Amino acid sequence: MDRTQTLRLIAELSSDRFVVRQKATKKLEALEELAEADFRQALADKPSLETRERLEGLLSKLRNLSPARLQELRAVEILELVDGPQAQACLTSLAQGAPEALLTKEAKAALERRQRAAK
């Protein structure tokens, strides 16, 4: 989803129609940290009370890692510890993801730590 669509969904959080607000919230939840900066910017723009509560709820969910997300992060840790070209290739591939994604950031950090340890 591109940024224009994300901003449109954030605007829909202020809709007069409950169904529209609910659908927008669900779609924004799926974006996770990819939309975090946009959530924070929307909060800085002092939205209505309900919009603010929805945005704060979305940000709160980002702080609480799901079991699936924890599993992904642990996999990155294991890949960092495994010595071999396949583990390196996996980390390199993960590091090329969306720059805002937690998994991408963790994979990049793991690669940097591996490079420092190799020196």
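The values are calculated or read from the model by the stated rules, or taken from the named source; none is laboratory data. Predicted model, so just to flag it, every value in this text is computed and none were measured. Positions of Cβ are generated from backbone atoms using ideal geometry, with glycine treated the same way; all protein chains shown enter the neighbour counts.
Say we look at the stretch 59-85 and pick out the residues that are more than 25 Å from A37 (Cβ to Cβ) and acidic (D, E); which of these is surrounded by the most Cβ atoms within 10 Å (Cβ to Cβ)? Restricting to residues being more than 25 Å from A37 (Cβ to Cβ) and acidic (D, E), the top hit is E80.
None of E56, E12, E50, E32 is crowded, with 17+ Cβ neighbours inside 10 Å and either without any contact (Cβ under 8 Å) to a residue 12 or more places away in the chain or at negative phi (or both) except E12.
Taken as a whole, the condition of being polar (S, T, N, Q), surrounded by 13 or more Cβ atoms within 10 Å (Cβ to Cβ) and either outside the structural domain of A37 (by TED's automatic domain parsing) or modelled with pLDDT of 95 or more (or both) applies to Q88.
Inspection of the stretch 62-70 finds no residue satisfying the criterion of being out of contact with any Lys or Arg (no Cβ under 7 Å at 6 or more places or on another chain) and at pLDDT 95 or above.
The residue pairs whose first member lies in the stretch 91-103 and is surrounded by 15 or more Cβ atoms within 10 Å (Cβ to Cβ), whose second member is β-branched (V, I, T), and whose beta carbons are closer than 8 Å, counting only pairs six or more residues apart or on different chains, are L91/V76; L94/V76; L94/T104; A95/T104; G97/T104; L103/V76.
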